[in-house]
Structures are given as structure tokens and as C-alpha cells.
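Any read-out appearing in this document is the output of simple, stated calculations on the displayed coordinates, not a laboratory observation. Everything numeric here is computed off the predicted structure, so don't read it as measured data. Methodologically, a virtual Cβ is constructed for each residue, glycine included, from the backbone with ideal geometry; neighbour enumeration extends over all protein chains shown.
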Amino acid sequence: MSNMFSLEGKIALVTGASYGIGFAIACAMSDAGATIVFNDIKQELVDKGITAYAEKGIKAHGYVCDVTDEAAVNALVAKIEEEVGVIDILVNNAGITRDMLAMRLSDEAWDAVIATNLTAAFVLTRAVLRPMMKARFGRIINMSSVVGSMGNAGQANYAAAKAGLIGMSKSVAQEVASRGITVNCIAPGFIDTDMTRALAESDREKLAERIPARRLGQTDDIAGAVLYLASDLAAYVTGAVLPVNGGLFMG
Ligand code: NAP
């Protein structure tokens, strides 16, 4: 039997993948044979990413692109098609938090989080759909979060964006399922990255106590789930939300 996890010959774009969860996802997909393309906001982060991938023996194609800049996103997709090839797998991973209790949450913090976590994912999805339709193949994987279903005090903006991704994914999934394109979400719980390292150590410990698995997740826990959804094994899985949260939330 051929390896059904193989991504040989596939081109994968992972946004915001110089480090953190995106980096782990890209490494796993490269191990499975995919060509890796990633972007980040700043040149220095792209350079750092390229070096980090090279240290793992991966020749990744890195581009500078702010995913909240629609013109830049469309230009990025065109450039990737020209320089690397048609994108088969899109992982909308770039994300930010601007936490604040709702009463004090500024318009700016609301807009920034919606723009990066939700609108950018839609703009990228729209940009890759046409070539995927033509190819009769595509995998779109959106990085939602457990807080999209659970809510989280201090994260009204982030939870709204992550819940929005789920509705968006389910809708697009229905539109393109007949063309061999799947659209799914991963809903990570609390994962050990810079995003959660920003929390105080005592808060991280309290978080771990609430998780049945008694630990924060590792980036590889998420990479495994993405690999599955990107593979042929998940060809009939679309509009799904795959929780990867150590049992924190099962709703
Ligand atoms: P991270 O370490 O902060 O990495 C996010 C990446 O996205 C960074 O490389 C960041 O670049 C990039 N990025 C942010 N804004 C961007 C923009 N406008 N254009 C291009 N790139 C941009 O986060 P992470 O923990 O790996 O999280 C990855 C994804 O998983 C996010 O969508 C996050 O919401 C989601 N998630 C994380 C957790 C968790 O516990 N860590 C849980 C659930 C969901 P800069 O460094 O330049 O900002």
C-alpha cells in the first residue's frame, strides 16, 4: 500500500510559519514530501525561518507578506504560482492576540485581531480557490482555537475571530466539496508557544491543571492533525473542526 500520508508533489503554503505552530506544521508536511512555502511580516523573520528550516534539511520558500494587506496577499499568491507552482494546500496559521476585558477593548484591538485571524484567512482562501477548482484538488486548513467554542474572558476579539473561521470554513466547504477541495479547521487548546509563553508561569500552571492531559500541547501535536487533514486519508473530511486540546473542551 502506498503511504496515504504522503504529500509528495504537493505545494503547501503555511502563513506566519517562521516559528511556533506554523513552523512545526511546515516541517511535518515537508517530511511527508510537500514543498514548503511560508510568509511572515518582516524580512528578518523570513530569513530566520529559512535558516531554521535549512537546519532541518528543508529548503523552504519564504516571502515577506502582511496577511492583512489584501493587495499584498493577492500578489503573494500570484508570485508563488509563478516561482514555485500552484498551491495545493493552504494552512491559514498566522494569528495574533490583543487581550483585554471587553469593557476596555479598543476598536483598534478588535479590528486588528479580526483582520489577522479572520479576514486574512478569507482573502487567502478566495485567492487560492480558483486554481484549486481547476486542479480538482485542494486542502484548506484554518487554525481556529478552543476559545472559538468555549469563549475566554479577555479574548472577545480573538474568540469572535476564531468562531468566525469555523462558520466561514463550513460555508466554503459546502461550495467546493464537489471539486475535490476540503476546508477544515483545527481547534488547538493551549499550546506551548510564544503566544502562551506571554502568560505568567503561575497562569500556565493553572491552565495545565484544567487540562485532563495535565500539560499544554506541543506544536507537534498540532502538526500531526494538520498532516492528517492535508493527506489523502482525509479526502472525505470537510467542514470539520478537529479539536486538539488534551481533553480541555469536548463540546
Ligand atoms: P505565534 O508563535 O505568535 O506565531 C504566529 C505567527 O503569525 C508569527 O510568525 C507571526 O509573525 C505571524 N503573523 C502575525 N500576524 C501576521 C500578519 N499580519 N502577516 C503575516 N504573519 C503574521 O503563534 P502560534 O502560537 O504559533 O499560533 C499559530 C496559530 O495557532 C494562530 O492562528 C493562533 O491563533 C492559533 N492558536 C494558538 C494557540 C496557542 O496556544 N499557541 C491556541 C489556539 C490557536 P510576527 O512574529 O511578526 O507577529
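Kindly list the residues of segment 163-179 that lie in the label zone of F249, defined by a backbone N under 16 Å from the point 7 Å along the Cα-to-C-beta vector. Under 16 Å, as judged by backbone N against the label point of F249, lie 163-168 of segment 163-179.
FRET efficiency for the pair K79 and T196, taken as 1/(1 + (r/R0)^6) with r the Cβ-Cβ distance and R0 = 30 Å, rounds to 0.35. Each of R204, R139 has some number of other Cβ atoms within 10 Å of its Cβ, and from fewest to most they run R204, R139.
The phi-based Karplus calculation (6.51 cos²θ - 1.76 cosθ + 1.60; θ = phi - 60°) puts the 3J(HN,Hα) values of segment 150-160 at 8, x, 7, 4, x, 10, 4, 5, 5, 5, 5 Hz, whole numbers, x for Gly and Pro. Gain on full extension, evaluated as 0.36 nm per residue between E205 and A153 minus their Cα-Cα distance, stands at 17.0 nm. Please arrange I25, I41, I222, I166 by how many other C-beta atoms lie within 10 Å of their C-beta, fewest to most. Ranked by crowding around the Cβ, least crowded first: I41, I166, I222, I25. For segment 3-81, the normalised intensity computed at q = 0.14, 0.16, 0.17, 0.18 Å⁻¹ comes to -0.42, -0.54, -0.61, -0.67 (log10 of I(q)/I(0), Debye sum over alpha carbons, equal scatterers, no solvent). Considering only V113, A213, L242, and ranking their Cα positions along the charge dipole of the chain that arises from unit charges at the beta-carbon of Lys, Arg, Asp and Glu, the one farthest toward the positive end is L242. Given +1 at the Cβ of Lys and Arg, -1 at the Cβ of Asp and Glu and no other charges, the dipole of segment 122-205 around its Cα centre is 760 debye to the nearest 20. Residues in segment 113-153 near a label at M103, defined as backbone nitrogen under 19 Å from the 7 Å Cα→Cβ point? Label zone hits: 152-153.
For the chain, the longest principal axis of the Cα atoms and the long axis of helix 120-135 meet at an angle of about 20 degrees. Taking the Cα atoms only, what angle lies between the long axis of helix 20-31 and the longest principal axis of the chain, rounded to 10 degrees? With rounding to tens, the tilt is 30 degrees. The aspartates and glutamates whose alpha-carbon is closer than 20 Å to the alpha-carbon of K206, local same-chain residues fewer than 8 away aside, are D99, D192, D194.
Charge dipole of the chain (Cα centre as origin; +1 on each Lys and Arg Cβ, -1 on each Asp and Glu Cβ, all else neutral): 620 debye, rounded to the nearest 20. Each of F190, V37, I166 was scored by the projection of its Cα onto the charge dipole of the chain, and the greatest displacement toward the positive side belongs to I166; charges sit on the C-beta of Lys, Arg, Asp and Glu.
Under 5 Å from the amide H of Y63 lie the amide H atoms of F38, N39, D40, each residue being 5 or more positions distant or on a separate chain, with H modelled from the backbone and absent for Pro and chain starts.
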